[in-house]
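The values are calculated or read from the model by the stated rules, or taken from the named source; none is laboratory data. Since we're looking at a predicted model, the values are computed, not measured. Heads up, the Cβs are rebuilt from the backbone with ideal geometry, glycines too, and the neighbour counts pull from every protein chain shown.
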Amino acid sequence: MSGASSFHRWLMSEQPGSRRQAAFGRAYAGWRAFARNRLALVGLAIVLGLVLVAALAPWLAPYAPNVGDLMTTRLLPPSASHWLGTDDQGRDILSRILHGSRITLFVVTLVALLAAPIGLLVGTVAGYFGGVVDAALMRVTDIFLAFPRLILALAFVAALGPGIENAVLAIAITSWPAYARIARAETLTIRHADYIAAAQLLGASRWRIVWRHIMPLCLPSVIVRVTLDMAGIILTAAGLGFLGLGAQPPSPEWGAMIAAGRQYVLDQWWVAAGPGLAIFIVSLGFNLLGDGLRDALDPKAGE
């Protein structure tokens with residue numbers, strides 16, 4: 001216990017002896033603030049569960065996701081053999097949902113990796129450089145924000161062609177403007193701070209200041225917004241799949257599964273209910289996680 005308590009005091013020291021200690025201390029304080037929110041822990045558990053299910057899907061799924069028997073297993077209700085029933089092709093719905101989690105995780109991860117850096121770069125550059133650069137970048141951002149995300153994504157997918165890769169690219173193209181707005185607002189509040197002026201006096205270039213000093217300070221707000229947007233990204237991807245513009249059959253994408261089950265929704269409700277429930281649970285998990293991260297990373301939360 002003495003070792004644990006000394007490590008705790010080292011992390012919580014108000015006068016850290018190194019940058020590493022200060023970084024670990026900030027991370028530990030953020031985790032303690034996050035852990036006090038029980039709903040945020042529930043959201044974290046759901047998201048970690050999604051990652052675990054996606055990684056272990058071939059071993060967790062009781063049946064092959066794309067193999068069914070039209071003669072014996074078509075549209076069977078939930079039972080001990082098929083926990084969530086089977087679809088119109090005789091395929092096990094639970095197995096398809098488990099394998100579809102990989103597609104969902106692929107979409108949200110790739111969209112975050114593509115859209116967040118673009119929005120962060122555009123927002124920080126616009127906020128710090130100002131003038132013509134700010135006006136030009138923000139007008140481009142306003143053009144993207146003027147259209148509903150799903151409508152704009154539909155337009156890009158229609159131009160690029162159906163497919164999961166094109167759907168990811170279309171969602172990423174329509175997602176970055178919100179992150180740019182947040183990064184610009186953060187940059188405007190800190191660009192005249194004393195430490196930025198000190199970096200300028202030391203001879204740091206404008207790009208170095210943006211990259212090394214401003215972007216790291218804007219990153220927490222962007223991370224929170226990305227996490228909160230995950231639910232919208234999942235719904236947009238499911239919407240594209242529902243319309244036949246996302247992952248193509250026989251891929252077990254949740255939106256496409258709902259589209260396949262819509263004609264049976266009155267009598268064989270389980271065909272669409274299973275993937276719909278999966279979308280609901282995962283979207284709820286990302287929203288709860290985002291709320292917890294917002295409270296933990298917001299420097300004004302304790303005021």
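Under the condition of being outside any helix (DSSP H, G or I) and touching a residue at least 24 places away in the same chain (Cβ under 8 Å), the residues counted in the stretch 19-56 number 1.
Checking each residue in the stretch 109-129 for being crowded, with 24+ Cβ neighbours inside 10 Å, under 16 Å from Ala231 (Cα atoms) and touching a Phe, Trp or Tyr at 6+ places or on another chain (Cβ under 8 Å) picks out only Ala115.
Is the stretch 229-242 home to any residue that is at pLDDT below 90 and touching a helix residue (DSSP H, G or I) at 6+ places or on another chain (Cβ under 6 Å)? Checked the stretch 229-242: no residue is at pLDDT below 90 and touching a helix residue (DSSP H, G or I) at 6+ places or on another chain (Cβ under 6 Å). Per this entry, Pro16 is counted among residues that are without any contact (Cβ under 8 Å) to a residue 12 or more places away in the chain and either in contact with an Asp or Glu (Cβ under 9 Å, 6 or more places away or on another chain) or assigned to a loop (DSSP other than H, G, I, E, B) (or both). Restricting attention to the stretch 57-68, and to residues there that are of a type in the set (Gly, Ala, Ser) and in a loop (DSSP other than H, G, I, E, B), which single residue is nearest to Ser283 (Cα to Cα)? So the residue we want is Ala61. Residues being of a type in the set (Gly, Ala, Ser), under 20 Å from the mean Cα position of the chain (by Cα) and closer than 18 Å to Trp254 by Cβ are entirely absent from the stretch 22-45. Only helices (runs of 4 or more DSSP H) whose full extent lies in the stretch 189-303 are considered here, and the ones with at least 3 residues that are without any contact (Cβ under 8 Å) to a residue 12 or more places away in the chain and loosely packed, with under 14 Cβ neighbours inside 10 Å are 194-201.
Residues being surrounded by 12 or more Cβ atoms within 10 Å (Cβ to Cβ) and over 30 Å from Asn287 (Cβ atoms) are entirely absent from the stretch 25-43.
Applying the criterion of at least 3 residues that are touching a Leu at 6+ places or on another chain (Cβ under 8 Å) to the helices (runs of 4 or more DSSP H) found wholly in the stretch 69-170 leaves 93-129, 149-160.
Does Leu70 count as in contact with an Asp or Glu (Cβ under 8 Å, 6 or more places away or on another chain), among the aliphatic types (A, V, I, L, M), over 30 Å from Thr227 (Cβ atoms) and touching a residue at least 12 places away in the same chain (Cβ under 8 Å)? No.
Every listed requirement among (1) buried (at least 18 other Cβ atoms within 10 Å of the Cβ); (2) in contact with a helix residue (DSSP H, G or I) (Cβ under 8 Å, 6 or more places away or on another chain); (3) acidic (Asp, Glu) is met by Asp92 save one, (2).
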